[in-house]
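Everything on this sheet refers to the single structure shown next.
The values are calculated or read from the model by the stated rules, or taken from the named source; none is laboratory data. This is a predicted model, so every value here is computed, not measured. We place every Cβ from the backbone using ideal geometry, glycine too, and count neighbours over all the protein chains shown.
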Amino acid sequence: MAIDKIITLVGILVSLIIGLTSIYIGVQNSKKTIFINSVTTLRAKWMDTIRNAIAEYCSLTYLITIATKSVQAEKLFKLQQLRYLIKLQLDKNDKIDSLIVNSVDSIYNSVLNSDFKNTTVEIDKLICLTQDLLKLEWEGVKEETKKGNLSKREKNRLYNRHLKKYQNGDETV
């Protein structure tokens, strides 16, 4: 009879351990899922914000280049606002982000100086840089969805794979 009680007690303890382990694993998976969903949602929102700001900046720049002087003066304030918004959305220490900021500044300075001859080329460059940035971010979202939080090494590998042309100082697009 004592052996039956011991076997029953061991069975209960094993069931308890398995149950607690399952709960722990479930909580960890839930935390990972919540993290992935939060990061993915925030990144998607940021990508939309930067995409829309760059698109509006380019459109407004083009409008200014073909507008009369009075319309140019009116639109310049909005262009400056967009310039600030774009710069605040980017990391000044990141290579591609700094190239985008430089391009935005170059376009703005051209508009201020009414030097419109290279504006279309600069806009095309800005669009290409932004496309590369958005592609990199999208790849990061996909990787984090699969693996969770990426290590610094994984982020660097992803960055290097997508942006080799910028790491060598080649800014041509």
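Quick rundown of the values:
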read-out: Hey, I18 at pLDDT 90 or above and closer than 28 Å to K147 by Cβ or not; value: yes
read-out: Pairs, first at negative phi in segment 46-69, second exposed (fewer than 13 other Cβ atoms within 10 Å of the Cβ) and aliphatic (A, V, I, L, M), C-beta under 8 Å, six or more apart; value: L63/V71; I64/V71
read-out: Selected residue (only one of R51, R43, R83 is closer than 18 Å to L133 by Cβ, surrounded by 12 or more Cβ atoms within 10 Å (Cβ to Cβ) and modelled with pLDDT under 95); value: R43
read-out: Residue match in segment 91-98 (condition: touching a helix residue (DSSP H, G or I) at 6+ places or on another chain (Cβ under 7 Å), surrounded by 14 or more Cβ atoms within 10 Å (Cβ to Cβ), in contact (Cβ under 8 Å) with a residue 12 or more places away in the chain and among the β-branched types (V, I, T)); value: yes
read-out: Residue match in segment 58-74 (condition: closer than 27 Å to K164 by Cβ, buried (at least 16 other Cβ atoms within 10 Å of the Cβ) and touching an Asp or Glu at 6+ places or on another chain (Cβ under 7 Å)); value: no
read-out: Residue satisfying all of: in segment 151-173; hydrophobic (A, V, I, L, M, F, W, C) and modelled with pLDDT under 80; nearest to K31 (Cα to Cα) among these; value: L163
read-out: Among (1) in contact (Cβ under 8 Å) with a residue 40 or more places away in the chain; (2) surrounded by 15 or more Cβ atoms within 10 Å (Cβ to Cβ); (3) of a type outside the set (D, E) - the single one V101 does not satisfy; value: (1)
